[in-house]
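Report on the following structure.
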Amino acid sequence: LRKLKVFWTKNPVKGEEYPDLSEDPEYSQRLQYLGDTQQNRTIRLSHVTQKDEHMYYFKFITDKPGGIWTGDPGVTLTVTDLQVEAPERVTEGHNVSLTCNSSCTLTDRATFIWYRNSQPLTERRDGNNQLLLQSVRREDAGRYSCALHGHSYISPAAQLSVTYPPKNVSVSISPSGEIVEGDSVTLSCSSDSNPPALNFSWFKGGRFVGSGRIYSISKISSDHSEEYKCKSINEHGEKYSDAVNVYVMCEFYESYSIL
(Lines give C-alpha, C1' and ligand atoms only; values in the text may rest on other atoms or scores of the structure.)
Protein backbone atom coordinates (compact mmCIF):
# COMPACT_ATOMS: atom_id res chain seq x y z
CA LEU A 1 0.00 0.00 0.00
CA ARG A 2 1.53 3.27 -1.08
CA LYS A 3 0.18 6.72 -0.32
CA LEU A 4 -0.08 8.79 -3.45
CA LYS A 5 -1.52 11.94 -1.93
CA VAL A 6 -2.23 13.19 1.57
CA PHE A 7 -4.06 16.45 2.14
CA TRP A 8 -6.60 18.41 4.16
CA THR A 9 -9.95 19.23 2.62
CA LYS A 10 -13.37 20.62 3.49
CA ASN A 11 -16.96 19.98 2.55
CA PRO A 12 -17.06 20.36 -1.22
CA VAL A 13 -19.50 22.40 -3.23
CA LYS A 14 -22.29 20.13 -4.43
CA GLY A 15 -21.22 18.14 -7.48
CA GLU A 16 -17.51 18.87 -7.04
CA GLU A 17 -14.60 16.85 -5.69
CA TYR A 18 -13.09 17.34 -2.25
CA PRO A 19 -10.58 20.21 -2.74
CA ASP A 20 -6.96 20.08 -1.68
CA LEU A 21 -6.73 23.19 0.49
CA SER A 22 -3.08 23.76 -0.42
CA GLU A 23 -4.19 24.18 -4.05
CA ASP A 24 -7.23 26.32 -3.27
CA PRO A 25 -6.55 30.04 -4.01
CA GLU A 26 -8.58 31.01 -0.93
CA TYR A 27 -6.31 28.92 1.32
CA SER A 28 -2.95 28.37 -0.36
CA GLN A 29 -1.34 31.59 0.94
CA ARG A 30 -2.70 31.09 4.46
CA LEU A 31 -2.12 27.36 4.91
CA GLN A 32 1.04 25.90 6.43
CA TYR A 33 1.80 22.19 7.02
CA LEU A 34 3.67 21.48 10.26
CA GLY A 35 5.82 18.54 11.34
CA ASP A 36 6.51 15.32 9.40
CA THR A 37 4.56 15.63 6.18
CA GLN A 38 4.23 11.83 5.94
CA GLN A 39 3.28 10.93 9.50
CA ASN A 40 1.88 14.16 10.95
CA ARG A 41 -0.22 16.31 8.67
CA THR A 42 -0.93 19.14 11.11
CA ILE A 43 -1.88 22.42 9.48
CA ARG A 44 -1.93 26.03 10.58
CA LEU A 45 -4.46 28.39 9.00
CA SER A 46 -3.77 32.10 9.41
CA HIS A 47 -5.90 35.24 8.98
CA VAL A 48 -9.07 33.31 9.75
CA THR A 49 -12.46 34.90 9.07
CA GLN A 50 -16.02 33.71 9.44
CA LYS A 51 -15.91 32.50 5.83
CA ASP A 52 -13.54 29.77 7.06
CA GLU A 53 -16.22 28.15 9.23
CA HIS A 54 -16.45 24.60 7.79
CA MET A 55 -16.07 20.93 8.59
CA TYR A 56 -12.48 19.97 7.67
CA TYR A 57 -11.23 16.45 6.85
CA PHE A 58 -7.91 14.68 6.56
CA LYS A 59 -7.85 12.72 3.29
CA PHE A 60 -5.38 10.37 1.63
CA ILE A 61 -5.29 8.46 -1.62
CA THR A 62 -3.36 5.21 -2.18
CA ASP A 63 -2.41 3.10 -5.17
CA LYS A 64 -4.99 0.49 -4.13
CA PRO A 65 -8.16 0.41 -6.26
CA GLY A 66 -10.78 2.47 -4.46
CA GLY A 67 -8.12 3.41 -1.95
CA ILE A 68 -9.47 6.80 -0.93
CA TRP A 69 -9.90 7.38 2.80
CA THR A 70 -11.40 10.34 4.63
CA GLY A 71 -10.97 10.95 8.34
CA ASP A 72 -14.42 11.04 9.88
CA PRO A 73 -16.08 12.75 11.68
CA GLY A 74 -13.73 15.58 10.74
CA VAL A 75 -12.95 18.78 12.60
CA THR A 76 -15.38 21.66 12.93
CA LEU A 77 -13.85 25.12 12.82
CA THR A 78 -15.91 27.79 14.56
CA VAL A 79 -14.74 31.37 14.21
CA THR A 80 -15.44 33.91 16.91
CA ASP A 81 -17.02 37.06 15.56
CA LEU A 82 -16.68 40.08 17.86
CA GLN A 83 -19.01 43.05 17.67
CA VAL A 84 -19.05 46.21 19.78
CA GLU A 85 -22.49 47.15 21.04
CA ALA A 86 -22.65 50.84 21.94
CA PRO A 87 -25.06 53.76 21.67
CA GLU A 88 -24.37 56.13 18.80
CA ARG A 89 -24.20 59.10 21.16
CA VAL A 90 -24.03 59.96 24.84
CA THR A 91 -24.37 63.30 26.61
CA GLU A 92 -21.31 64.75 28.31
CA GLY A 93 -21.26 63.95 32.04
CA HIS A 94 -23.38 60.81 31.68
CA ASN A 95 -22.17 57.21 32.05
CA VAL A 96 -22.14 54.79 29.13
CA SER A 97 -21.45 51.07 28.82
CA LEU A 98 -19.98 49.39 25.74
CA THR A 99 -20.24 45.62 25.26
CA CYS A 100 -17.96 43.30 23.30
CA ASN A 101 -20.29 40.57 22.02
CA SER A 102 -19.10 37.24 20.65
CA SER A 103 -20.91 34.70 18.51
CA CYS A 104 -19.12 31.94 20.46
CA THR A 105 -19.22 30.79 24.07
CA LEU A 106 -16.04 32.03 25.74
CA THR A 107 -14.40 30.94 28.98
CA ASP A 108 -15.00 32.87 32.20
CA ARG A 109 -11.35 33.89 32.17
CA ALA A 110 -11.38 35.42 28.70
CA THR A 111 -9.39 38.66 28.55
CA PHE A 112 -10.92 41.48 26.54
CA ILE A 113 -8.84 44.32 25.14
CA TRP A 114 -10.50 47.62 24.27
CA TYR A 115 -9.30 50.16 21.71
CA ARG A 116 -10.24 53.76 20.96
CA ASN A 117 -9.18 55.06 17.57
CA SER A 118 -6.94 51.95 17.22
CA GLN A 119 -5.07 52.73 20.47
CA PRO A 120 -5.31 50.17 23.33
CA LEU A 121 -7.24 51.38 26.38
CA THR A 122 -7.52 48.61 28.93
CA GLU A 123 -7.79 44.85 29.47
CA ARG A 124 -10.56 43.05 31.34
CA ARG A 125 -9.25 39.73 32.68
CA ASP A 126 -12.33 38.54 34.56
CA GLY A 127 -14.46 37.55 31.59
CA ASN A 128 -16.23 40.91 31.81
CA ASN A 129 -16.94 42.00 28.27
CA GLN A 130 -18.09 45.52 29.14
CA LEU A 131 -16.28 48.83 29.14
CA LEU A 132 -17.84 51.44 31.44
CA LEU A 133 -17.09 55.08 30.77
CA GLN A 134 -18.08 57.27 33.70
CA SER A 135 -18.79 61.00 33.53
CA VAL A 136 -18.09 60.99 29.81
CA ARG A 137 -16.01 63.85 28.41
CA ARG A 138 -15.71 65.17 24.87
CA GLU A 139 -12.32 63.46 24.63
CA ASP A 140 -14.05 60.07 25.03
CA ALA A 141 -15.63 60.37 21.58
CA GLY A 142 -14.14 58.07 18.95
CA ARG A 143 -14.18 54.68 17.26
CA TYR A 144 -14.24 51.80 19.75
CA SER A 145 -13.25 48.21 18.98
CA CYS A 146 -12.41 45.13 21.03
CA ALA A 147 -10.31 41.97 20.82
CA LEU A 148 -9.50 38.84 22.78
CA HIS A 149 -6.07 38.61 24.37
CA GLY A 150 -3.83 36.29 22.39
CA HIS A 151 -5.80 36.70 19.17
CA SER A 152 -5.00 39.06 16.34
CA TYR A 153 -8.60 39.66 15.27
CA ILE A 154 -10.01 43.07 16.22
CA SER A 155 -13.72 43.76 15.92
CA PRO A 156 -15.15 46.35 13.54
CA ALA A 157 -15.20 49.76 15.20
CA ALA A 158 -18.34 51.40 16.58
CA GLN A 159 -18.49 55.19 16.58
CA LEU A 160 -19.36 56.90 19.87
CA SER A 161 -20.33 60.57 19.67
CA VAL A 162 -20.37 62.76 22.78
CA THR A 163 -22.93 65.56 22.74
CA TYR A 164 -22.53 68.71 24.82
CA PRO A 165 -23.92 72.24 25.17
CA PRO A 166 -22.14 75.30 23.73
CA LYS A 167 -18.74 76.17 25.16
CA ASN A 168 -16.08 78.75 24.33
CA VAL A 169 -18.61 81.24 22.96
CA SER A 170 -16.87 84.31 21.57
CA VAL A 171 -17.56 87.42 19.50
CA SER A 172 -15.29 88.85 16.82
CA ILE A 173 -15.64 92.31 15.27
CA SER A 174 -14.86 93.24 11.68
CA PRO A 175 -13.20 95.46 10.78
CA SER A 176 -10.89 95.48 13.77
CA GLY A 177 -9.46 98.71 15.12
CA GLU A 178 -11.13 102.09 15.38
CA ILE A 179 -14.78 102.36 14.37
CA VAL A 180 -15.92 105.69 12.96
CA GLU A 181 -19.47 106.91 12.39
CA GLY A 182 -20.70 105.81 8.99
CA ASP A 183 -18.68 102.57 8.93
CA SER A 184 -20.28 99.18 8.33
CA VAL A 185 -19.51 96.75 11.16
CA THR A 186 -20.04 92.98 11.44
CA LEU A 187 -20.17 91.02 14.70
CA SER A 188 -19.69 87.24 14.40
CA CYS A 189 -20.52 84.65 17.06
CA SER A 190 -18.68 81.33 17.29
CA SER A 191 -18.95 78.42 19.72
CA ASP A 192 -17.92 74.81 20.25
CA SER A 193 -20.85 72.41 20.68
CA ASN A 194 -22.19 69.03 19.57
CA PRO A 195 -24.48 69.09 17.75
CA PRO A 196 -23.42 72.47 16.33
CA ALA A 197 -25.44 75.42 17.59
CA LEU A 198 -28.12 76.54 15.15
CA ASN A 199 -29.59 79.40 17.17
CA PHE A 200 -27.76 82.61 18.08
CA SER A 201 -29.18 85.68 19.82
CA TRP A 202 -27.61 89.14 20.12
CA PHE A 203 -27.88 91.55 23.02
CA LYS A 204 -26.91 95.21 23.25
CA GLY A 205 -26.60 96.43 26.82
CA GLY A 206 -28.67 93.42 27.92
CA ARG A 207 -31.47 94.08 25.41
CA PHE A 208 -32.24 91.65 22.57
CA VAL A 209 -31.41 93.18 19.19
CA GLY A 210 -31.21 90.32 16.68
CA SER A 211 -30.73 86.66 15.74
CA GLY A 212 -28.27 84.68 13.65
CA ARG A 213 -24.58 83.94 13.80
CA ILE A 214 -23.81 87.29 12.14
CA TYR A 215 -25.06 90.66 13.37
CA SER A 216 -24.43 93.50 10.91
CA ILE A 217 -24.67 97.24 11.44
CA SER A 218 -24.53 99.49 8.39
CA LYS A 219 -23.74 103.19 8.73
CA ILE A 220 -22.95 102.85 12.41
CA SER A 221 -23.51 105.84 14.69
CA SER A 222 -22.60 106.82 18.23
CA ASP A 223 -25.97 105.40 19.31
CA HIS A 224 -24.54 101.93 18.65
CA SER A 225 -21.77 102.38 21.22
CA GLU A 226 -22.46 99.74 23.87
CA GLU A 227 -21.54 96.31 25.26
CA TYR A 228 -22.60 93.44 22.98
CA LYS A 229 -23.05 89.76 23.80
CA CYS A 230 -24.19 86.74 21.83
CA LYS A 231 -25.95 83.65 23.13
CA SER A 232 -25.30 80.26 21.49
CA ILE A 233 -28.01 77.59 21.82
CA ASN A 234 -28.28 73.88 20.98
CA GLU A 235 -30.56 71.10 22.25
CA HIS A 236 -28.35 70.52 25.30
CA GLY A 237 -28.12 74.06 26.61
CA GLU A 238 -27.02 77.62 26.02
CA LYS A 239 -24.13 79.91 26.87
CA TYR A 240 -23.40 83.62 26.62
CA SER A 241 -20.19 85.08 25.30
CA ASP A 242 -18.17 87.58 27.26
CA ALA A 243 -19.21 91.17 26.54
CA VAL A 244 -17.36 93.09 23.86
CA ASN A 245 -17.33 96.88 23.77
CA VAL A 246 -18.21 98.67 20.57
CA TYR A 247 -17.08 102.28 20.75
CA VAL A 248 -18.00 104.53 17.82
CA MET A 249 -15.85 107.62 17.27
CA CYS A 250 -17.59 110.72 16.06
CA GLU A 251 -16.51 112.19 12.74
CA PHE A 252 -15.48 115.83 13.15
CA TYR A 253 -15.65 118.46 10.43
CA GLU A 254 -13.54 121.60 10.55
CA SER A 255 -15.18 124.82 9.40
CA TYR A 256 -13.57 128.15 8.64
CA SER A 257 -14.96 131.66 8.43
CA ILE A 258 -13.29 134.55 6.60
CA LEU A 259 -13.48 137.91 8.29
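The values are calculated or read from the model by the stated rules, or taken from the named source; none is laboratory data. Quantities reported herein were computed from a predicted structural model and do not represent experimental measurements. Every residue, glycine among them, receives a Cβ derived from its backbone with ideal geometry; neighbour counts consider all protein chains shown.
Can you find, within the range 1-22, the residue that is modelled with the lowest pLDDT among those that are of a type in the set (Asp, Glu) and within 14 Å of TYR57 (Cα to Cα)? Give the steps one after another, and end with the answer.
Restricting attention to the range 1-22, the residues satisfying the condition of being of a type in the set (Asp, Glu) are 16-17, 20.
Next, from what is left, pick out any that are within 14 Å of TYR57 (Cα to Cα): 17, 20.
Details: GLU17: 73, ASP20: 83.
Once the filter is applied, the top-ranked residue is GLU17.
Does VAL185 fit the bill of being surrounded by fewer than 17 Cβ atoms within 10 Å (Cβ to Cβ), among the β-branched types (Val, Ile, Thr) and over 24 Å from the mean Cα position of the chain (by Cα)?
Spelling it out, it is not the case that VAL185 is surrounded by fewer than 17 Cβ atoms within 10 Å (Cβ to Cβ), among the β-branched types (Val, Ile, Thr) and over 24 Å from the mean Cα position of the chain (by Cα).
Look at the range 117-142 and say how many of its residues are surrounded by fewer than 19 Cβ atoms within 10 Å (Cβ to Cβ) and not in a loop (DSSP other than H, G, I, E, B).
12
Would a scan of the range 164-178 turn up a residue that is touching a Phe, Trp or Tyr at 6+ places or on another chain (Cβ under 7 Å) and modelled with pLDDT of 95 or more?
yes
I need a count of the residues in the range 142-161 that are farther than 22 Å from ILE113 by Cβ and of a type in the set (A, V, I, L, M, F, W, C).
The qualifying residues number 0.
Considering (1) farther than 30 Å from ASP140 by Cβ; (2) surrounded by 10 or more Cβ atoms within 10 Å (Cβ to Cβ); (3) at pLDDT 85 or above, say which one PRO25 fails and leave the rest.
Just one mismatch for PRO25, condition (2).
I'm checking my understanding of the structure. Among residues of the range 31-50 that are loosely packed, with under 12 Cβ neighbours inside 10 Å, part of a loop (DSSP other than H, G, I, E, B) and within 40 Å of the chain's Cα centre (by Cα), which one is modelled with the highest pLDDT?
Among them, the one singled out is SER46.
Output the number of residues of the range 105-122 satisfying the condition of being over 16 Å from SER145 (Cα atoms) and without any contact (Cβ under 8 Å) to a residue 24 or more places away in the chain.
Qualifying residue count, the range 105-122: 4.
Do you know which residues across the range 58-82 are surrounded by 15 or more Cβ atoms within 10 Å (Cβ to Cβ), within 37 Å of the chain's Cα centre (by Cα) and part of a strand (DSSP E or B)?
LEU82
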